[in-house]
Amino acid sequence: MSLQGRDLINISDFSLEELVFILDQAEEMERLLHRDSRLLAGRVLATAFYEPSTRTRLSFEAAMLRLDGGVIGFADPRTSSVSKGETIADTVRILESYADVIVMRHWLEGAAQVAADYAQIPLINAGDGGHQHPTQTLTDLFTIRRGRGQVAGAHIGLCGDLKFGRTVHSLLTALRHFDVRITCIAPDSLQLPEHYLHPGQTVQRTADLAEVISDLDVLYMTRIQKERFADPSEYEAVRGTYVLDPVLLSRAKPEMLILHPLPRVDEISYQVDADRRAAYFGQAAYGVPVRMALLAALLGRIDSSHLPDPPPRQIQYRHDLRCPNSRCVNFAEPYTEPRMELLSEEPLVLKCGYCEQEWRPGKPPAS
Ligand code: NCD
């Protein structure tokens, strides 16, 4: 199915063929970076960033500008009508009349889905709370492929805040397509929620980075997501748990790749930056050609009509039960229609179509 006109809300929206297509096109885009391309001339990107961002927003802007497109938007909701109480639905219905594509980052899980429901133009999720960050995953896969030649066959360690780290959730979702071994390295309280695992996908879990580092081909470090903790003392209890420094790194394979979506706080020491295994600054730079490819594909400026249709999915929704997750857009924005995927009738197991949390009514939602 062509990518033209599509949204990218969850990385699972793209099939393996579509992911690979974007990565291949990103290689082409690297060649266009400094060539005065006019591929997106006359097209406008609207950025709606309700949460802080450096790399994601600026690499989207750079991608658009490198292809001669234009950019409008806000990087701080206090400077837009959001501060007057405007809903996501109303904001995107305005933006779509000014632009050809919208990139949105919001603190609520599922916010990008609501935006896509109301906008007729392509909507790209640039991060929705602790849920998903699909374009970071495209960049991560591109970095792994560039560093190792291919993704398949790698033993990948995901380390840090696997509970709230949206980049990890998206990456893990995408990795189900590849023959890889995954080890989740986190303290118990920040371990990966089960519901992010695809049926049949398995991971190993440990809290001890030193124990596993020698076996890894890729180490994906993440920041502990301080802003997502309801209780600051819980953050204090886990801050500084992992610090990758030269001593720890000396136990790793000489070709292990170190990735990090950035920003880092203290989880990778500055001495590691000069190590040739440190791939994180290159990873941030790849965000531009990757997003150039994505924008050009969604705007129909590169032909993707040959891509196979994904297999049809039969999803049964219930619309009568609102999501109990207080971080979910369905909980926080009352005009959004409940959308609960029915996983099982007996016992009743539901999965929210916005935040993906599983819920067994009668039991309190996972914290
Ligand atoms: C990440 C994010 O916003 O989720 N940053 C990014 O987009 N590169 C990671 C983070 O904030 O820790």
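The values are calculated or read from the model by the stated rules, or taken from the named source; none is laboratory data. Remember, predicted model here, so these are calculated numbers, not experimental data. Neighbour counts are summed over all protein chains in view; Cβ atoms, including those assigned to glycine, are modelled from backbone coordinates with ideal geometry. Surface areas here come from the heavy atoms of the whole protein model, side chains and all, with no ligands, DNA or RNA. Shrake-Rupley method; radii C 1.70, N 1.55, O 1.52, S 1.80 Å.
One table, with the values for the structure above:
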| quantity | calculated |
| --- | --- |
| Per-residue HN-Hα couplings for the range 21-34 [Karplus 6.51, -1.76, 1.60; θ = phi - 60°; Hz; x = Gly/Pro] | 4, 5, 5, 5, 5, 5, 4, 5, 5, 4, 6, 8, 3, 10 |
| Prolate/oblate/rounded label for the range 18-174 (Cα gyration tensor, a/c 1.5) | oblate |
| Isolated Cys residues of the chain, judged by Cβ distance under 4.7 Å to other cysteines | CYS159, CYS184 |
| The range 23-84 pair-distance distribution - Cα-Cα, 5 Å bins, rounded % | 4, 17, 23, 20, 16, 11, 5, 3, 1 |
| Long-range HN-HN contacts of GLY70 with modeled amide H, under 5 Å | GLY42, ARG43, VAL44, LEU45 |
| With eigenvalues of the C-alpha gyration tensor scaled by 5 and rooted, the chain, Å | 29, 27, 20 |
| List ARG228, ARG55, ARG181, ordered by accessible area with a 1.4 Å probe, largest first | ARG181, ARG55, ARG228 |
| Karplus-derived HN-Hα couplings along the range 296-309 (A = 6.51, B = -1.76, C = 1.60, θ = phi - 60°), whole Hz, x at Gly and Pro | 5, 6, 5, 8, x, 9, 10, 7, 10, 5, 7, 5, x, 5 |
| Accessible surface, the chain, averaged per residue in Å² (probe 1.4 Å) | 43 Å² |
| Heavy-atom SASA rank of TRP359, TRP107 (probe 1.4 Å, accessible area, largest first) | TRP107, TRP359 |
| Accessible surface of the chain [probe 1.4 Å, protein heavy atoms]: carbon and sulfur percent | 49 percent |
| Net lengthening on full extension, THR54/HIS306 (0.36 nm per residue, minus Cα-Cα) | 87.3 nm |
| Packing-based order for 291-298, 22-29, using average beta carbon neighbours within 10 Å, highest first | 291-298, 22-29 |
| Sparse-neighbourhood loop sites, trypsin sites (Lys or Arg not before Pro) in the range 12-47 - DSSP loop, at most 12 other Cβ within 10 angstrom | ARG35, ARG38 |
| Antiparallel DSSP beta bridges within the chain, percent to nearest 5 | 20 percent |
| Translational D in µm²/s for the range 204-352 (Stokes-Einstein at 10 °C, 1.306 mPa s, Kirkwood Rh from C-alpha pairs) | 79 µm²/s |
| GLN150-ARG318 FRET efficiency (beta carbon distance; Förster radius 45 Å; 0.05 resolution) | 0.65 |
| FRET efficiency estimate (nearest 0.05) - Cβ-Cβ, LEU348 to ALA207, R0 25 angstrom | 0.15 |
| Relative packing of peptides 5-11, 89-95 - highest average C-beta neighbours within 10 Å first | 5-11, 89-95 |
| Set of lysines near LYS363 by C-alpha distance (under 24 Å), chain-local residues within fewer than 8 positions excluded | LYS163, LYS351 |
| Anisotropy class of the range 317-359 from Cα gyration tensor, a/c 1.5 cut | prolate |
| Three-way shape call for the range 118-244 based on the alpha-carbon gyration tensor, with the a/c threshold at 1.5 | oblate |
| Ranking by accessible area, most exposed first, for PHE49, PHE331, PHE74 with a 1.4 Å probe | PHE331, PHE74, PHE49 |
| Relative packing of peptides 56-62, 271-277 - highest average C-beta neighbours within 10 Å first | 56-62, 271-277 |
